[in-house]
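Below is one structure; the comments refer to it alone.
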Amino acid sequence: MSEVAQPLVRARALARHFPGQGGKRVTAVDGVSFDIARGETLALVGESGCGKTTTGRMLVRLVEPDAGTMAFDGMDMATLTAGELRGLRQRMQLIFQDPGSAFNPRMNVATLIAEPMRLAGYPPAEQRARVAELLPLVGLAPEYAERFPHEFSGGQRQRIGIARALALRPDFIVCDEPVSALDVSVQAQVINLLTELQRQFGLTYLFISHDLRVVRHVATRIAVMYLGRIVETAPKAALYATPRHPYTRALLSAVPSHRPGVARTRLADIGEIASADAIPSGCRFHTRCPHAIALCREKDPELTTIGDGHEAACHRLDDLAA
Ligand SMILES: Nc1ncnc2c1ncn2[C@@H]1O[C@H](COP(=O)(O)OP(=O)(O)OP(=O)(O)O)[C@@H](O)[C@H]1O
Ligand code: SF4
Ligand SMILES: [Mg+2]
């Protein structure tokens with residue numbers, strides 16, 4: 001896998017399973033590795049159930065991995081004491097798809113935004129000062145501090161969620177489908193806000209989305225996930241211009257192309273994603289891939305470097321290049 005000189009976040013061979021229905025074992029994440037450099041946005045993209053949220057939650061230690069290692073700012077997270085981990089957790093925050101459902105409806109905006117500070121033991125005066133600083137930063141009027149979450153639109157609630165995530169001045173934020181529940185017109189505003197905050201504070205993002213259109217403007221690099229694995233990763237421009245994995249091409253079928261020559265497989269035409277409790281043998285995409293050959297059912301393809309920071313896992317990369 002491609003390495004970054006001094007990544008803020010380093011994940012190696014992360015894996016996580018869950019108990020599923022009927023005693024089956026659900027493979028949520030099956031060995032993913034990546035680096036995220038300070039100040040960049042790695043977009044993690046794939047269909048529902050492919051393991052994006054589980055990956056993001058492992059990074060911020062809300063879900064314990066079954067296997068693999070993680071380092072944050074050069075510190076191996078497995079070796080930290082509980083106190084050190086608590087300190088580190090403040091430097092990593094999460095933004096959710098629907099912040100409204102995570103908010104306590106009886107807390108006003110000021111209390112909601114200050115809650116991470118209160119839990120971390122900051123004095124009330126410092127909490128109030130930080131809230132006053134944060135509201136304009138996320139584009140909310142000062143008088144909103146006393147109002148309650150149900151009085152706001154989805155876009156405004158996401159601004160409250162962003163302010164709350166920023167309260168403890170984190171370095172790293174996992175943005176888990178932060179605009180998927182919003183109207184298209186509002187999506188762009190929230191994405192612009194996240195981009196502006198990143199520039200201003202040097203933030204590093206893992207930006208999770210099922211939609212390659214959404215990440216086009218925010219991503220520095222993109223990792224495409226399928227059934228618990230990364231199947232292709234590339235700098236943004238290379239991923240959109242020369243997608244190499246058949247699954248990436250299928251995902252891109254919904255995105256207007258600048259390169260009509262690239263062979264596309266429409267996602268709508270290739271059937272449903274396999275179940276995470278019955279991962280197909282060999283290449284896990286073979287049950288849907290129009291290019292599958294006998295080898296694909298037997299041998300699991302490894303990520304192979306095909307360009308600067310561009311890797312894909314497919315046996316037929318050379319034949320399908322055009
Ligand atoms: N706590 C859990 N218990 C059991 N199974 C789980 C749990 N969390 C996730 N899973 C399963 O793990 C797989 C990956 O889930 P995950 O939520 O990480 O996917 P996702 O890519 O974020 O999907 P979505 O786009 O729908 O949010 C799914 O099959 C899911 O049902
Ligand atoms: S390895 Fe085979 S099945 Fe998998 S994506 Fe490549 S061609 Fe398709
Ligand atoms: Mg998810």
(request) Treating only the Cβ atoms of Lys and Arg (+1) and Asp and Glu (-1) as charged, compute the dipole magnitude of the chain about its Cα centre; round to the nearest 20 debye. (result) 180 debye
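Write out the trypsin sites (Lys or Arg not before Pro) in the range 100-136 meeting two conditions: DSSP loop, and at most 15 other Cβ atoms within 10 Å of their Cβ.
Details: sites: ARG106, ARG118, ARG128, ARG130; in loops: ARG106.
Loop-located and lightly packed - ARG106.
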(request) Summarise the accessible area of the chain (1.4 Å probe, protein heavy atoms) by the percent that is carbon and sulfur. (result) 51 percent
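Counting only heavy atoms of the protein chains, get the accessible area per residue of the range 4-149 (1.4 Å probe) and round it to a whole Å² value. Spell out each step's value before the answer.
Working: 6960 Å² over 146 residues.
Per residue, the range 4-149 has an accessible area of 48 Å².
According to the square roots a ≥ b ≥ c of the eigenvalues of the Cα gyration tensor, what is the shape class of the range 42-165, taking rounded for a/c under 1.5, prolate for a/b larger than b/c otherwise, and oblate for the remainder? List each step's numbers first, then the result.
Working: a/c = 2.54, a/b = 1.47, b/c = 1.73.
Here the range 42-165 falls in the oblate category.
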(request) Have a look at GLY155, LEU119, HIS210 and report the one farthest towards the positive end of the charge dipole of the chain, computed about the Cα centre with Cβ charges (Lys/Arg +1, Asp/Glu -1). (result) GLY155
(request) Please go through the range 208-317 and write out the trypsin sites (Lys or Arg not before Pro) that DSSP classes as loop and that have at most 14 other C-beta atoms within 10 Å. (result) ARG266, LYS299
(request) State whether the range 83-139 is rounded, prolate or oblate according to the following rule on the C-alpha gyration tensor (a ≥ b ≥ c being the square roots of its eigenvalues): a/c under 1.5 gives rounded; otherwise a/b larger than b/c gives prolate, and the remaining case gives oblate. (result) oblate
(request) Go through PRO136, VAL45, GLY31 and say which Cα lies farthest out towards the positive end of the charge dipole of the range 28-146; charges sit on Cβ, +1 for Lys and Arg, -1 for Asp and Glu. (result) PRO136
(request) For the range 265-322 and the range 166-186, write down the distance between their C-alpha centroids in whole Å. (result) 31 Å
(request) Sort the chain into rounded, prolate or oblate with this rule: let a ≥ b ≥ c be the square roots of the eigenvalues of the Cα gyration tensor; rounded if a/c is under 1.5, and if a/c is not under 1.5, prolate when a/b is larger than b/c, oblate otherwise. (result) prolate
(request) Determine the sum of side-chain charges near MET107: Lys and Arg each +1, Asp and Glu each -1, restricted to other residues whose C-beta is under 13 angstrom from that of MET107. (result) +2
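Hey, got the dipole for the range 107-176? About the Cα centre, +1 on K and R Cβ, -1 on D and E Cβ, debye to the nearest 20? Intermediate results must be reported in sequence, preceding the final value.
Details: 8 positive and 8 negative charges, 6 e Å.
Using Cβ point charges on Lys, Arg, Asp and Glu, the range 107-176 gives about 20 debye.
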(message) Nearest 5 percent is fine: what portion of the DSSP beta bridges confined to the chain is antiparallel?
(response) 60 percent
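Please give me the summed charge of the neighbours of ALA15: other residues whose Cβ is under 12 Å from its Cβ, Lys and Arg +1, Asp and Glu -1. Could you put the intermediate results ahead of the total?
Numbers: positive: ARG12, ARG16, ARG25, ARG229; negative: ASP30, GLU64, ASP66.
With Lys, Arg at +1 and Asp, Glu at -1, the neighbours total +1.
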(message) What Kirkwood Rh does the range 112-225 have if only Cα atoms enter the pairwise 1/r average? Answer in Å.
(response) 14.9 Å
(message) Can you give the local net charge around ALA181? Use residues other than it whose beta-carbon is closer than 14 angstrom to its beta-carbon, Lys and Arg +1, Asp and Glu -1.
(response) -3
(message) For the range 289-320, which GluC sites (Glu not before Pro) pass both filters: DSSP loop (anything but H, G, I, E, B) and at most 12 other C-beta atoms within 10 Å?
(response) GLU302
(request) Would you compute, from DSSP H runs of 4+ residues alone, the mean residue ellipticity of the chain at 222 nm, taking -39500 (n - 2.57) per run and dividing by the full residue count, rounded to the nearest 500? (result) -8500 deg cm²/dmol
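The values are calculated or read from the model by the stated rules, or taken from the named source; none is laboratory data. Predicted model only: the values in this text are computed from it and were never measured. With ideal geometry, Cβ positions are generated from the backbone for all residues, glycine too; neighbour counts draw on all protein chains shown. The protein model used for the area step is the full one, side chains on, heavy atoms only, and it has no ligands, DNA or RNA in it. Shrake-Rupley method; radii C 1.70, N 1.55, O 1.52, S 1.80 Å.
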